[in-house]
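**Student:** There's a structure below that I have some questions on.
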Amino acid sequence: MEFTYEPGRLFHETDGIVDAEILFPEILGGAVWSIDHTYVDPELRGQGIAGQLLAEVVARAEKAGVQLKPVCTYARQAFFRNPEYQKIAYKD
């Protein structure tokens, strides 16, 4: 699935309606992105779309040299399960 990028947001739209989205605003002066919200339309769940969104945010964070703070439930669980993600996690 192709996502549209805006600073602090990746999303997918179908017919002008957002059906998948992850929000990651900058915090701590831009050194950290806080993953606050992950959403996938119920009809699209179970296809790995949330994982694709998160993987793209992780790749962008690595490229930008910032850490990620998983706040939403989905991101926290994904970071807990994935040792690669833990390497880029912000520890407060």
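The values are calculated or read from the model by the stated rules, or taken from the named source; none is laboratory data. All values reported here derive from a predicted model rather than from experimental measurement. Please note: Cβ atoms are built from the backbone with ideal geometry, for glycine as well, and neighbour counts cover all protein chains shown. Just so you know, the surface numbers come from the protein's heavy atoms only, side chains and all, with ligands and any DNA or RNA stripped out. Shrake-Rupley method; radii C 1.70, N 1.55, O 1.52, S 1.80 Å.
**Student:** Can you give me the % of accessible surface on the chain that is carbon or sulfur? Probe 1.4 Å, all protein chains present, nothing else counted.
**Tutor:** Ligands and nucleic acids excluded, carbon and sulfur reach 51 percent.
**Student:** Under a Cβ-Cβ cut-off of 11 Å, what is the net charge of the residues other than E2 that fall near it, where Lys and Arg count +1 and Asp and Glu count -1?
**Tutor:** For residues surrounding E2, the net value is -2.
**Student:** Under a point spin-label approximation (7 Å from Cα along Cα-to-Cβ), what is the D41-V71 distance to one decimal in nm?
**Tutor:** The answer from the label model is 2.6 nm.
**Student:** Rolling a 1.4 Å sphere over the protein heavy atoms, what is the accessible area per residue of the chain, to the nearest Å²?
**Tutor:** Accessible area per residue, the chain: 60 Å².
**Student:** Continuing with the same structure: Compute the longest continuous run of the chain that contains no exposed trypsin sites (Lys or Arg not before Pro); treat a site as exposed when its DSSP state is not H, G, I, E or B and it has at most 13 other Cβ atoms within 10 Å.
**Tutor:** 1-44
**Student:** Using only Cα atoms and rounding to the nearest 10 degrees, what angle (0 to 90) does helix 49-64 make with the longest principal axis of the chain?
**Tutor:** Taking Cα atoms only, the helix is inclined about 40 degrees.
**Student:** Note down, for the chain, the three equivalent ellipsoid semi-axes (square root of 5 times each alpha carbon gyration tensor eigenvalue), biggest first, whole angstrom.
**Tutor:** Equivalent ellipsoid semi-axes, largest first: 22, 15, 11 Å.
**Student:** Follow-up. Once you list every other residue whose beta carbon is under 14 Å from the beta carbon of R76, what net charge do they have if Lys and Arg are +1 and Asp and Glu are -1?
**Tutor:** Summing Lys/Arg as +1 and Asp/Glu as -1 gives +1.
**Student:** Could you grab the relative contact order for region 1-89? Cα pairs under 8 Å, six or more apart, rounded to a whole percent. Intermediate results must be reported in sequence, preceding the final value.
**Tutor:** On the way: 137 pairs, mean separation 20.0, N = 89.
Once normalised by length, the contact order is 22 percent.
**Student:** Separate question: May I ask you to compute the full-extension gain from M1 to E56, defined as 0.36 nm times their residue separation minus their alpha-carbon distance, rounded to one decimal in nm?
**Tutor:** 18.7 nm
**Student:** May I pose another question? Hey, what number do you get for the chain at 222 nm if only DSSP H runs of n ≥ 4 count, each worth -39500 (n - 2.57), divided across all residues, to the nearest 500?
**Tutor:** -9000 deg cm²/dmol
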